[in-house]
1. Could you please rank 85, 190, 198, placing first whichever residue has the fewest other Cβ atoms within 10 Å of its Cβ?
2. Residue by residue, what Karplus-based ³J(HN,Hα) values in Hz, rounded to whole numbers, does the stretch 211-220 have, using 6.51, -1.76 and 1.60 with θ = phi - 60° and x for Gly and Pro?
3. Towards the positive end of the charge dipole of the stretch 3-266, with charges on Cβ (+1 Lys, Arg; -1 Asp, Glu), say which of 37, 223, 234 has the farthest Cα.
4. Placing +1 on the Cβ of each Lys and Arg and -1 on the Cβ of each Asp and Glu in the stretch 1-154, which of 15, 131, 120 has its Cα farthest towards the positive end of the resulting dipole?
5. Nearest 20 debye, what's the magnitude of the dipole of the stretch 3-266 about its Cα centre given +1 on Lys and Arg Cβ and -1 on Asp and Glu Cβ?
6. Ranked by Cβ crowding within 10 angstrom, fewest neighbours first, how are 67, 27, 137 ordered?
7. Between helix 170-182 and the chain, what is the angle of the helix's C-alpha long axis to the longest principal axis, kept within 0 to 90° and rounded to the nearest 10?
8. Per-residue counts of other Cβ atoms within 10 Å, averaged by peptide: what ranking do you get for 77-84, 237-244, highest first?
Amino acid sequence: MNIAEQNAEYETTVGKPLLNDPKMSMRGVDVFYGDKQAIFGVDLDIGRNQVIAMIGPSGCGKSTFLRCLNRMNDTIDICRVQGKLMLESQDIYDPSLDVVPLRARVGMVFQKPNPFPKSIYDNVAYGPKVHGLATRRTELDEIVETSLRKAGLWNEVKDRLHGPGTGLSGGQQQRLCIARTIAVSPEVILMDEPCSALDPIATAKVEELIAELSENFTIAIVTHSMQQAARVSHRTAYFHLGKLIEVNETEKVFTNPDHALTEAYITGRFG
């Protein structure tokens, strides 16, 4: 049976897409760009203090799905999201929900580092100021230092906090963006190919950071690197043509996948 025939036969996600007491829970998620459907009926739970990696060929829908989780797709006029998406007991697509505090609870780190054109200090302090998390300078100083320490950046920048964030190296900029994200104490961190623009040394530092952050945060990461998914995640979700094919513990996905499409992708037969 060829890949097209296997995909035609695909009906429901195999493996273990659902969990007891998840941090986030998605049911029947469909995503449309105008008349074109990009995501088809995804059911998925994301566990507390776990890293879930979303993998699959280019154009499979993994980044589109990730952006649903903090309503970043709202910024695209022709994008429409259907289904139930819950952050614990909160329906994140409730029309009355303010997306600003939602995006503090579910932060996002993008593919390319995007520090604000401000100082290193002000990059990290921006969110706490906007959300009223600190009223005194001493409180803000503490949040900035703690966030930079958690991002593994404090020792590298503590003597130039008032220098421009854009003056850092690419890897440092990405860790600054992670510090900026965690400064508002999110519950979930979304990462959309956070290492794709970085060199191997910077990538290793970010991967080490992901492992440390998972002790306190729930993390969902989209990656094109199967090696990265294997290194950093507890569970792996494989997407193909807008469908969620398989979700399992990462070791099982890479050593004994349940679906032929997953096996074909991880063994390099396509993608």
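Each reported figure results from applying straightforward, stated rules to the coordinates on display, with no laboratory input. Being a predicted model, the structure only gives us computed values, none of them experimental. Every residue, glycine as well, gets a Cβ built from its backbone with ideal geometry; the counts of neighbours run over all protein chains shown.
1. The most exposed by this proxy come first: 198, 85, 190.
2. Listing the rounded values in order: 4, 5, 5, 5, 5, 10, 10, 8, 10, 10 Hz.
3. Of the options given, the answer is 223.
4. Working it through, the farthest residue towards the positive pole turns out to be 120.
5. I would put it at about 760 debye.
6. 137, 27, 67
7. Approximately 90 degrees, to the nearest ten.
8. 237-244, 77-84
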